[in-house]
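Data block below; observations after.
Read the figures in this text as sums done on the coordinates, not as results from a lab. Remember, it's a predicted structure, so these values are computed and weren't measured experimentally. Because the Cβ atoms are built from the backbone with ideal geometry, glycine has one as well, and the counts that use them run over all protein chains shown.
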Amino acid sequence: MRLASSLMVFIALVSFADRAAAEDARALLDRAIAAHGGADRLDKTRKGRLKAKMDGEDRGIPFKVTWEETFDLPQRYRRTIDRTLRDTTHHLEYVIDGKKGWLREENGPAHELRSDEETPAGRYWKTVLERQPLPLTWHWQAVLAQLPQLRGKETQLTSVPDETKDGRILAGFKAVSPQIVSTFYFDKTTGLLARALWALPTLLPGDEVTSETIYEDYRDVQGVRYPMRLRAGVGKIYSITTTVTSFEILDSVDKTVFVKPPSPAPDKQTPRPEQEKPKPEPEPEPTVAVETEPPARWDARLIAATVGVGVFVAAVWIYVRVVRKGPGETPAG
């Protein structure tokens with residue numbers, strides 16, 4: 001009898017502690033939403049235009065990225081990326097608009113995203129398009145728009161112990177829902193988001209990645225306190241610092257921004273007389289390719305990085321370049 005009574009008391013205490021932790025986490029969330037500008041203003045950050053510079057390192061290889069994006073989340077976005085890796089710069093532009101999209105590399109023509117090709121790239125885009133619209137948790141620039149959504153009934157909030165980071169005391173909570181598993185930390189003095197640990201969503205089964213993002217250099221953007229510098233990484237595998245050079249919140253986004261540009265007309269050439277036809281070039285002698293072992297799980301980590309809420313935004317270009325080469329080649333710059 002005493003054992004049963006003690007067990008009931010223990011269960012009651014645990015239940016009370018859980019409710020208290022949830023209430024503390026909710027109070028912390030409400031304070032953070034107010035500190036960043038309020039729920040209505042944060043929701044408006046789903047539509048906008050930004051420019052950013054990114055400096056990163058992947059497995060010891062440095063890279064630089066310039067990034068421009070116009071977005072109307074979660075339905076559509078247009079991204080222009082210039083990535084420099086091993087002293088070589090590549091250009092990529094692509095659009096996701098609902099369950100369709102297009103892509104253009106270098107100065108070539110834009111073409112529809114193919115989701116029916118039995119290639120790693122085809123399977124990747126098929127998964128992206130089929131899952132549209134992706135939740136806000138998969139868009140790094142919409143991190144503040146996610147905060148009011150954590151008030152929903154489907155999200156469980158649990159307080160976590162305070163931490164000291166870079167001389168600041170941070171209070172936090174863990175958020176778990178069908179769309180998110182993350183731990184958020186906020187500056188106890190300002191209430192602003194300071195740090196987040198993300199369980200990154202992945203498009204490949206059997207691979208799970210956790211990243212850390214630090215939010216810094218807050219500026220006032222149309223009434224919203226927005227972080228203009230983000231430092232993120234996955235252990236010693238991947239790290240990137242993103243500096244947002246401009247950010248504009250838009251009331252609406254013109255849909256023509258996402259329309260695929262027409263292909264350029266082919267050059268018209270005057271046919272040469274029969275006697276002036278050039279002689280065929282001799283066939284080159286066959287060469288033997290030297291195979292090198294690619295980094296383990298390279299594709300899985302970069303796919304997770306591409307869609308994840310960490311700032312691993314350059315990964316989509318690296319991924320596209322990698323999957324178009326063979327499995328026996330390392331990613332080229």
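With a cut-off of at least 1 residues that are over 30 Å from residue 186 (Cβ atoms), name the strands (runs of 3 or more DSSP E) lying wholly within segment 59-172. So that I can check it myself, show each step before the final result.
Numbers: elements: 61-72, 76-85, 88-97, 100-105, 156-165.
Result: 61-72, 76-85, 88-97, 100-105.
Pairing residues of segment 118-131 that are free of Cβ contacts under 8 Å to residues at least 60 places away in the same chain with residues that are crowded, with 17+ Cβ neighbours inside 10 Å and not in a loop (DSSP other than H, G, I, E, B), at Cβ distances under 7 Å and at least 6 apart in sequence or on separate chains, gives 129/101. Looking only at segment 119-167, residues that are in contact with a Lys or Arg (Cβ under 9 Å, 6 or more places away or on another chain) and over 28 Å from residue 244 (Cα atoms) come to 12 in all.
Residues in segment 127-179 that are out of contact with any Leu (no Cβ under 8 Å at 6 or more places or on another chain) and of a type in the set (Asp, Glu) were compared, and the one that is nearest to residue 79 (Cα to Cα) is 130.
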